[in-house]
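Following: one structure in structure tokens, then a few remarks.
Quick note: the coordinates plus some simple rules give every number you see, no bench work behind them. Predicted model only: the values in this text are computed from it and were never measured. Here the Cβ is made from the backbone with ideal geometry for all residues, glycine too, and neighbour counts use every protein chain on show.
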Amino acid sequence: MKFAMSMAFSDPSHWLPMARAADDAGWDLALVSDHVVHPETIESPYPYTDDAKPRWDAPTPWPDPWVAIGAMAAVTERLRFCTGIYVLPMRNPFVVAKAVGTAAVLSGNRVTLGMGVGWMKEEFDLLEQPFARRGRRADEMLEVMRKLWTGEVVEHRGEFYDFAPLSMTPAPSQPIPVIVGGLSEPALRRAARLGDGWISDLHTTDEMREIATRLHALRREAGRADEPFDIVAACIDASDADGYRRVADAGVTTLQTMPWLFYSGLTGDLQEKLDGIRRFADDVFPKLRP
């Protein structure tokens, strides 16, 4: 099993020392969340809570993911970085491809694009991108960006994007993995058909087992059952090595967590977070890794 540290809700001034600590302690992945703005009034329902309200309030910091990943990659050597998740159809595919491709080049291919189609119409409106049909547009955006990341002369004639031959450089020397978020059936199908993995919200181990089973069935339907597929999950009922083994048995390949929660709670103290990052690695990694 691999281990991912979530950077969500942490003070951005803490991110570089947290990344260095995770790199030194043997963590596999750092996850970076994404929002551009927080409208004072949000009428769009949040899909992951019972009351349809977001889990955060307006002062919560949301650094630009690719600027943040570039900064953290510069102070680390082996830690990978992934957006968890980046709202892809809220942007222009050329701008996204340039940012992600550049981050991949400068980090030594240590980035993964974790994408979803989003839920907040207000944010789409402010970024001047249509909210309707965002799923189909995201699918085509992935096709466009994968062409651009080759660095070759490419063209595209699609439903939403149409361009004559061109190239984008610098190009990464390896394919950029894409993992897909979302709980709807279209999101799971998108992950199975187009993604290299899937990323969860908060789930129980039993829920993850059901989702993993469905994803593998969809992978077989798509003819991709033999290809590598990463399932990144945060399980609310696993808090020790035995629990993480059950999570792995349920089909999860990468465990997502905030390790300081187990030692200092929801702390804002940097030193407590650094201690938690190291202690979790010492307590858990030797028991779950060969």
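Calculate the FRET efficiency for V37 and L16 from the Cβ-Cβ distance with a Förster distance of 22 Å, rounded to the nearest 0.05. Once rounded, the FRET efficiency stands at 0.35. Amide H contacts under 5 Å for G114: T83, Y86, I179, restricted to partners 5 or more places along the chain or on a different chain, H placed in the peptide plane at 1.01 Å from N.
In this structure the amide hydrogen of D230, modeled in the peptide plane, comes within under 5 Å of the amide hydrogens of G197, W198, none closer than 5 places in sequence on its chain. The phi torsions of the stretch 55-72, fed into the Karplus equation with coefficients 6.51, -1.76 and 1.60 and a -60° offset, translate into couplings of 7, 10, 10, 4, x, 4, x, 10, x, 4, x, 7, 5, 5, 5, x, 5, 5 Hz, rounded to whole numbers, with Gly and Pro shown as x.
Taking θ as phi - 60° and the Karplus parameters 6.51, -1.76 and 1.60, the scalar couplings of the stretch 202-216 work out to 9, 9, 7, 4, 5, 4, 5, 4, 5, 5, 4, 4, 5, 4, 5 Hz in sequence order, x denoting glycine and proline. Distances between placed amide hydrogens fall under 5 Å for Q256 paired with A4, A233, A234, C235, all partners being 5 or more residues away or on another chain. The stretch between M1 and E128 holds 41.7 nm of extra length on full extension. This uses 0.36 nm per residue minus the Cα-Cα distance.
Each residue of the stretch 106-118 is assigned a 3J(HN,Hα), and the resulting list reads 6, 8, x, 6, 10, 10, 10, 8, x, 10, x, 9, x Hz, derived from the Karplus form 6.51 cos²θ - 1.76 cosθ + 1.60 (θ = phi - 60°), x at Gly and Pro.
Mean residue ellipticity at 222 nm from the helices of the chain, using -39,500 (n - 2.57) per DSSP H segment of n ≥ 4 over the full residue count, to the nearest 500 deg cm²/dmol? Helices in the chain give a 222 nm mean residue ellipticity of -12500 deg cm²/dmol. Take the Cα of F285, step 7 Å toward its Cβ, do the same at F262, and the gap between the two points is 1.3 nm. Computed FRET efficiency, Cβ-Cβ of K53 and E140, R0 30 Å: what is it to the nearest 0.05? Computed FRET efficiency for K53 and E140: 0.40.
Full extension of the chain between E185 and A217 gives 10.3 nm of extra length, using 0.36 nm per residue less the Cα-Cα distance. Express the relative contact order of the stretch 2-288 as a whole percentage, based on alpha carbon pairs under 8 Å and six or more residues apart in sequence. Taking the mean separation of contacting Cα pairs over the length of the stretch 2-288, I get 18 percent.
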